[in-house]
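Notes follow the structure.
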Amino acid sequence: METPDSDSSVPPPHVLIFPFPIQGHMNCMLYLSEMLVYSGFHITLLLTDHNLSLLRNNSSSSNNNNNSHPSSLPNIPRLRVLSIPDCLPADHPRNLDGWVELLDSLKTNACPLYKSLLLDLCKMDDVDADGFPAVTCVIADGILPFMIDASEEVGVPAIAFRTASASSLWIYYCIPQLIQSGEVPFRDGADWDEPINSIPGMESFLRRRDLPSPCRLAKNPEDKVLQLLATCTAHSERTRGLILNTLETLESISLEQIRAHMPTTYAIGPLHEMVRAYRSQNNVCAHDKSVSLWHQDCTCMTWLDQQPHRSVIYVSYGSVAVMTRESLIEFWIALVNSGEHFLWVVRSDLLRGEEWTNIWDSLSLEVRKGTEERGCIVSWVPQVEVLAHPAVGCFLTHSGWNSTLESIVGGVPMLCWPFAVDQQINSRLVGEVWRIGLDMKDACDKTTIEKMVRAAMNGETASEIRKNAHELAKMVKNSVVEGGSSFENFQRLIEHIKSLCK
Ligand code: UDP
């Protein structure tokens, strides 16, 4: 794939990549960085000081080398990491409870620092101390439109990368129509199962409850989060291009609609699979376990090795969801009562203001015994590896877009329990459009969860979603290799970036 420019007077493209500083956004923008390096580019991945120090702590707890490059980042030539402060106190929650303040602080406080860093990086005549030439292009997270504008102001062309599903973006784009039709904000007493008619292409399956969570939370049309999502999505129309971690066949309807407004849209996903395919075809040794802000507990892989084929339900709510003690207890009892083996990721900050381990004493003896016999609870796992393990029969997921793609590639059917933002529409796609899982949204009682776990793991429904998931996985894997749509779109993106760098 490496295609350095034959004209040696033209400096090689150097792209600065700036993800919104949460795990899911960092993961897929790191995969993009790696693919661009394989295409001959220099890449500066810009993180926040806070996240870089978490990565460094993780790496020093897992190895003792003194290398300044965190070991949980891939050690790839021409890829370096720089950081700027997010300008928030160290103990600010960088999860769903604190993301709006994080965004505000990046806009107000960090953006001027970003601009001055970019000025330094783009004004060089030669290479810098790391051997990197001047930055010639920026790929910034599309939910940071002010960073995109700042890049253009400095004179560096900028492309937007949105890490959510194309379907959720299409809905965000249509927020003005949803407001105009009176479908959003929800009226008091509105039927959440009522069809939504103002999103072209989605009339056959979209219900009110499937709209992204800001639509259900908004009390008025001026709601801050609703307007923020509408504005940053509309902003992508004015950027040099839009990159999406999805693929043509999976979200053809939304992509077609988006392209009517943003013609230079590149669907190049799933990026984690594109990287894996590239590495395996080119014998590239992978040094990384992806970027992890939490320390990965790999003992779960040994536990999985000891479980029968497809006997385990893997449970995770992603990197930013926070839940109540009551919901966690309902899940716990249901998982044990289902009789299935379960691997459960419970992050240290999953419960608001409380350690989840406090709950243990309030559980019945029966539930504790069932947990010890059939459960494995860990704080963070290598998720892509877990989903590729033959013992995993189903993924009880919060329907984050990365998790959804990772499960699709693994051919693992899903039981969806969405929390927020795009997760409500993603779970509808899984349950109703692709039919590779069950959608449990808005239910959180132990009886329903137990019933749904059993249905997703055994019986006729389980066989059907498993078969569909298996077929979809094959199709998706084909998209990232030569001749596949994501592979070809990626080649077009490379040419587009090169044309901007001249
Ligand atoms: N993840 C992981 N280990 C875990 C849980 C999650 O590596 O124990 C990764 C997962 O593979 C995915 C990301 O964290 O790439 C979560 O992103 P997603 O878009 O699914 O959800 P978000 O965290 O943004 O809600």
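The values are calculated or read from the model by the stated rules, or taken from the named source; none is laboratory data. The model shown is predicted, which means the values in this text are computed figures rather than measured ones. Note that we place each Cβ from the backbone using ideal geometry, even for glycine, and neighbour counts take in every protein chain shown.
Collect the residues in the range 283-312 that are polar (S, T, N, Q) and within 14 Å of the ligand (Cβ to nearest atom), keeping them in residue-number order. Matches in the range 283-312: Ser290, Ser292, Gln296, Thr299. Considering each residue of the range 311-325 in turn, at least one proves to be modelled with pLDDT under 95 and assigned to a helix (DSSP H, G or I). Looking at Val430, Val409, just one residue is at pLDDT 95 or above, within 23 Å of Asp193 (Cβ to Cβ), part of a helix (DSSP H, G or I) and within 14 Å of the ligand (Cβ to nearest atom), and that residue is Val430.
Having 1 or more residues that are of a type in the set (Ser, Thr, Tyr) is the bar; report the strands (runs of 3 or more DSSP E) wholly within the range 73-173 that clear it.
79-84
In the range 429-452, the residues that are without any contact (Cβ under 8 Å) to a residue 40 or more places away in the chain reach residues that are aromatic (Phe, Trp, Tyr) with C-beta atoms within less than 6 angstrom, at least six apart or across chains, in these pairs: Met440/Trp417.
Per the listing Trp303, Trp360, Trp380, Trp294, the residue uniquely more than 22 Å from the chain's Cα centre (by Cα) and in contact (Cβ under 8 Å) with a residue 24 or more places away in the chain is Trp303. For Trp401, indicate whether it is within 16 Å of the ligand (Cβ to nearest atom) and out of contact with any Ser or Thr (no Cβ under 9 Å at 6 or more places or on another chain). No; evaluated as a whole, the condition is false for this residue. The residue that is farthest from Asp210 (Cα to Cα), among those in the range 412-427 that are assigned to a loop (DSSP other than H, G, I, E, B) and within 13 Å of the ligand (Cβ to nearest atom), is Val412. In the range 391-404, the residues that are on the phi > 0 side of the Ramachandran plot and without any contact (Cβ under 8 Å) to a residue 60 or more places away in the chain form Cβ pairs under 7 Å with partners that are in a loop (DSSP other than H, G, I, E, B) and buried (at least 23 other Cβ atoms within 10 Å of the Cβ), at six or more places apart or across chains, as follows: Ser399/Pro418. Restricting the range 313-330 to residues that are over 13 Å from Leu351 (Cα atoms) and not small (Gly, Ala, Ser) leaves a set whose member that is farthest from the ligand (Cβ to nearest atom) is Glu330.
The residues on offer are Ser463, Ser479, and the sole one that is among the hydroxyl-bearing types (Ser, Thr, Tyr) and surrounded by fewer than 16 Cβ atoms within 10 Å (Cβ to Cβ) is Ser463.
For the range 366-384, residues that are more than 18 Å from Leu350 (Cβ to Cβ), surrounded by fewer than 18 Cβ atoms within 10 Å (Cβ to Cβ) and within 15 Å of the ligand (Cβ to nearest atom) total 1.
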